[in-house]
Each structure stands twice: as C-alpha cells, then as structure tokens.
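The values are calculated or read from the model by the stated rules, or taken from the named source; none is laboratory data. If you're wondering where the values come from, they're calculated on a predicted model, not measured in any experiment. So basically every Cβ, Gly included, is an ideal-geometry build from the backbone, and we count neighbours across all protein chains shown.
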Amino acid sequence: MDYDCDSNKEAFNESSDQRYLNTRHHWIVWSTGHYTNIEFARLNVDSEVTWATPDSSQQGIDLYDLYKINFTWPIIATPAGHWDRKNGLVYNVTRFKYLRRNNLHHLNFDTAIVVFNHSMVVDNIHEHLITHEESNFTTRMTKASYAQLLMLSEIFNFTMTLLLTDSSNFGPFENGSFQGQIGMLQRNEAKLSPSPLLFYRARDVAADFVSAIWYFDTAAMFRHPKVSAVGNALLQPFTVLVWMCVLGTWLLVLLTLKTSAWLESTYSDESTVESSWSATMLATVGAVSEQGSEMESKWVTFRIVLLFTMVQVVLLNNYYGGGIVSSLLTEPPKTIRTIQNLIDCNLQVGYEDTNYNRGFFQQTTDPLVHILYKKKIFPPTESYPSAYRVDIGVKKMKDEPFVFQIEQIQAYPHIDRTFTDSEKCALTEIPLFTSMVGPVFALVQKGSPYKHILAYGFQKVRERGLMKYKWQEWQPPKPRCLLTRDVVSVEIN
C-alpha cells in the first residue's frame, strides 16, 4: 500500500479503526515519510505491519517491523531489512514473532478469578491462590491455572490486577450476555481469565479460548455398602449349565449302574450283585462322595462306569474347592456401577454447592440423570436441593450412606485425612456427566491481540514439562487402599 496516496491513507485509517492491523492481515506500507506518521494506528503485539521507506542515500529502501504493546502505547519499530538494486532484498527478521516481542514492558492485565464464596474475606488474593491451604473460596483447578499464568507473566514481563467473580457461565441470556468471567470479558471489565472453562459454541461466540491448561473431571463418589452373603453361595463356583450337565451325568450313571446290575443278576447264575434301586442309589452316592461302593460286579461295564464317576468327581472337587477358596480371598463384588443402580439403591444423593454442578444438572440431556435429580437430589417434597460444601459432603460420605457429586480432586485431600483404610477401599466413583468433562481452557476477550502470544507461552510451558509439574503439584492422587496386598511368589532354594 502506498500510504502517500490519499485514498490509500483513508483505507489504512479505516482498517485501523476496524482493528484489521492484526495477525490475520499482513501489511506492507510504502511511504516517503517516517513511521511515526501512523502513531495513531491501532497496532498491537500481534500486528503484521512492515513499513517501507527510502534510505538516507535515496538509492535503497529500509524496512521496519512495527507493533505496539497496547493500542495506546508508542510504536516499537524493529529494523527488518534493506533493499537496493545491487544486493537485492536482505531480510533480517528470521526469529518467531513472539520470540522477538516477548517483553510486554509491565503491561497490566485485569484478570478475572472465579470464586465460590464472595462472603469469605481474603486479605491477599494472590497469596491465597498460591497456597495449598484448603478452603471453600476457589478450586484447585483455578489455583493450578493461575500458577501457570504466573510463569507466563515472568516470561513475557506483564502484571495482573486480580478481580473476583462467580462461576455463573451457563448462559447466555437472550441478549447473548453472560455472567461470571465471560461476562467480565464481554463488558471489558477484564482482559483475561485463568479460571478455565469447557469449550462450548455459545461461549466461543463471547470469548476466545486460548489453550488447554487443565483436565476437568467429576464423578458421583460414595462408600460402596458391604454386599451381604447370598443364599446360593455354595453354587456359585459353577454356572447353571455346568451344574445341569453334572446332574445329568450322575443321573445317567445311576441308570447305567442299575441296568448293568439288573442284567448281571438276571443272566448270570454266579452273580451276587444286588440290583435294587436302593443299592444302586447307595453305590452312586458313594462314588459321588468318593466313599467307594459295596456292590461287587464282575462285569466290565459296571466297573468302567464306576471308575468314570470317581475320576469325574475328583476333578469336580478340585475345581469346586478352588472356586470356593478364591471367592473368599477376592474383593467383594461392587453391585452399584451405573446411574440406574444409584436410582434403585437406598443411598442418598447430593452435589457440591457450585454453579457448574447446578448447570450440569440443568443442561444434561441424559434422562437417567434427570430421574436421579428429581428422585433423590431435589424431590418435590423438598424446598431446596441437596447441595453441600466439600467438607460437609465428604463427612456425610464417611458417616452416612451418601453419594456426593463433585470434582474428585476437591474431595481427595479430605478423604485422605478423615477416612479409614477400609473406608478408602470401599470408595467408588460413577461418572454422571461423561459429555461435560475434558480439557478446559484459559480465556481472553473475543478478538484479543494477546491470544496468540499467551497460547505460545502455554505451549512453551507444556513442552518444557512445567505444566505437568503444576498438575502434579495441584492434583492430589486418589487415596490408596492399603488393605489390598499384592501377592509375590518367592522361590526358596
């Protein structure tokens, strides 16, 4: 573009007002004047504007890479190269853009931090966000994300003013506006937010998602009740089909022995074998119970059948005894595994008192979750839903038959401190909102010029392993079941 042309100058000024001097549009502007002539232009850190002007000898052209830290700050010009007829184009800008522009000169960002309890007095928000002390003020997810943003502030040399908001982001309203951190970004009350959110199309219209910085997951947690002994425990080692085959085999043995004994006693004059049903029944029972038989037959048929029965019983006893022993040593089965099981069981159900949990129950399309909510969480007979703070909900899990819907990492520290080993081993988790979990993203204003530099910073943190380090620091592991022991075979010479 020839900036000295009046029509081009007007087009450039209009493009500046429309914020087209950004990373999506690359500009080469020719002018005989100095680049300070466009000091008014709405350049920013993501701008791709090259200023071309004659050099001092008037025989070549000097190129300058122009950008600003902020729309209202002075232009920063970096010599980008030179052109003349003898040497042609010599372009010196070879490094990645945000490696060259990695100093934001203490630019201050108004930063939205999501909290759950506005009535809680916190003297120093920054100190609270970097401490591991448990509270009901905000989540570990926000603290871990803020820790990553602090690393970016050191890399790019910017500062933050922390502003508090709630987590009501399940909009939008009819006019397209949101509450929570998205609402603050829409109203220009904040420039970015490290309190991450799941990606929804409705949210993408109102704010830009920068980079995935956390994995959000929730589940319904409870102590699985002990399974009482069942009446057919002695029949469990074998399936019904196996038992039917075994009984059929024994019945066939009984009939074969009876037929063989009758034929021998009828057609053999020297036979002393008794062919009555009672004697045959006793012989069969003796063989099945590995006690032998008093019936003495000289016929090979009788002896083969009796031998077959005893061999079969020895094999059955081995497998049956092994099945009984293994059933006593293995962990009791957990019968509550699905949402339908939660609906049918006698456990009470509640959820962590947060806006996103309320939004999940309102927005889910799973009919079973709706039934669970209406039957056990907010039945028509109650005035309020069963919503509790983390510490209260975990205590109810310990003391009562209670199911608590929560982000697991919020509950793990409380469980680890208060539950016994047997209670930790009984801990069970059932996901209720499988479509509402996944990676969550830091946010900036829609069309923000700082989106790409922050995305580059988060990627840099991820590649160097610092993001994983912060995850491990802020994600407590699931409480271990110490009653379970691995059996290790040891060879003794």
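Figures for the structure shown
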| quantity | calculated |
| --- | --- |
| Selection count, segment 403-444, where residues are polar (S, T, N, Q) and assigned to a helix (DSSP H, G or I) | 6 |
| Test: residue in segment 299-321 that is within 21 Å of Ala261 (Cα to Cα), touching a Ser or Thr at 6+ places or on another chain (Cβ under 9 Å), assigned by TED's automatic domain parsing to the domain that holds Thr239 and not in a helix (DSSP H, G or I) | yes |
| Filtered residues of segment 43-62 (kept if within 16 Å of Gly33 (Cβ to Cβ) and more than 49 Å from the chain's Cα centre (by Cα)) | Ala52, Thr53, Pro54, Asp55, Ser56, Gln58, Ile61, Asp62 |
| Qualifying residue in segment 151-168 (condition: surrounded by fewer than 22 Cβ atoms within 10 Å (Cβ to Cβ), under 23 Å from Met436 (Cα atoms) and small (Gly, Ala, Ser)) | yes |
| Check on Lys374, among the charged types (D, E, K, R) and in contact (Cβ under 8 Å) with a residue 40 or more places away in the chain | no |
| Close pairs (6 angstrom Cβ cut-off, 6 or more residues apart or separate chains): in contact (Cβ under 8 Å) with a residue 24 or more places away in the chain in segment 145-157, polar (S, T, N, Q) anywhere | Phe156/Asn102; Asn157/Asn103 |
| Total residues in segment 129-168, condition assigned to a loop (DSSP other than H, G, I, E, B) and in contact with a strand residue (DSSP E or B) (Cβ under 9 Å, 6 or more places away or on another chain) | 5 |
| Selection count, segment 265-286, where residues are under 19 Å from Leu252 (Cβ atoms) and either surrounded by 13 or more Cβ atoms within 10 Å (Cβ to Cβ) or at pLDDT below 75 (or both) | 9 |
| Ala442, sole failed condition from (1) closer than 27 Å to Leu329 by Cβ; (2) under 22 Å from the mean Cα position of the chain (by Cα); (3) buried (at least 18 other Cβ atoms within 10 Å of the Cβ) | (1) |
| Unique match (being touching a residue at least 60 places away in the same chain (Cβ under 8 Å) and aliphatic (A, V, I, L, M)) among Leu443, Leu368 | Leu443 |
| Of all residues making up segment 439-464, the number that are among the small types (Gly, Ala, Ser) and either under 16 Å from Ala206 (Cα atoms) or outside the structural domain of Asp204 (by TED's automatic domain parsing) (or both) | 3 |
| Residue in segment 211-239 that is surrounded by the fewest Cβ atoms within 10 Å (Cβ to Cβ), counting only those that are farther than 30 Å from Lys468 by Cβ and at pLDDT 85 or above | Pro225 |
| Residue in segment 54-69 that is touching an Asp or Glu at 6+ places or on another chain (Cβ under 6 Å), under 25 Å from Tyr98 (Cβ atoms), without any contact (Cβ under 8 Å) to a residue 24 or more places away in the chain and not assigned by TED's automatic domain parsing to the domain that holds Leu454 present | yes |
| Complete set of residues in segment 446-455 that are assigned to a helix (DSSP H, G or I), touching a strand residue (DSSP E or B) at 6+ places or on another chain (Cβ under 7 Å) and surrounded by 20 or more Cβ atoms within 10 Å (Cβ to Cβ) | Lys451, Leu454 |
| Only listed residue being on the phi < 0 side of the Ramachandran plot and in contact (Cβ under 8 Å) with a residue 60 or more places away in the chain, chosen from Glu382, Glu429, Glu400, Glu463 | Glu429 |
| Residues of segment 173-222 satisfying the condition of being of a type in the set (A, V, I, L, M, F, W, C), touching a Lys or Arg at 6+ places or on another chain (Cβ under 8 Å) and in a strand (DSSP E or B) | Leu197, Ala207, Phe209, Val210 |
| Pairs where the first residue, in segment 20-39, is under 16 Å from His452 (Cα atoms) and crowded, with 16+ Cβ neighbours inside 10 Å and the second is of a type in the set (Gly, Ala, Ser) and at pLDDT 90 or above, C-beta under 9 Å, 6+ apart | Leu21/Ser15; Leu21/Ala41; Leu21/Ser47; Asn22/Ser47; Asn22/Gly447 |
| Those helices (runs of 4 or more DSSP H) lying entirely in segment 336-402 with at least 1 residues surrounded by 14 or more Cβ atoms within 10 Å (Cβ to Cβ) and of a type outside the set (A, V, I, L, M, F, W, C) | 355-363, 390-399 |
| Residues satisfying the stated conditions in segment 50-69, i.e. assigned to a loop (DSSP other than H, G, I, E, B) and buried (at least 16 other Cβ atoms within 10 Å of the Cβ) | Lys68, Ile69 |
| Qualifying positions in segment 302-355 - farther than 30 Å from Lys398 by Cα, without any contact (Cβ under 8 Å) to a residue 40 or more places away in the chain and β-branched (Val, Ile, Thr) | Ile304, Val311, Val313, Val314, Val325 |
| Condition check for Phe458: outside any helix (DSSP H, G or I) and not polar (S, T, N, Q) | no |
| Search result, residues across segment 1-41 that are of a type in the set (Ser, Thr, Tyr) and under 21 Å from Trp83 (Cβ atoms) | Tyr3, Ser31, Thr32, Tyr35 |
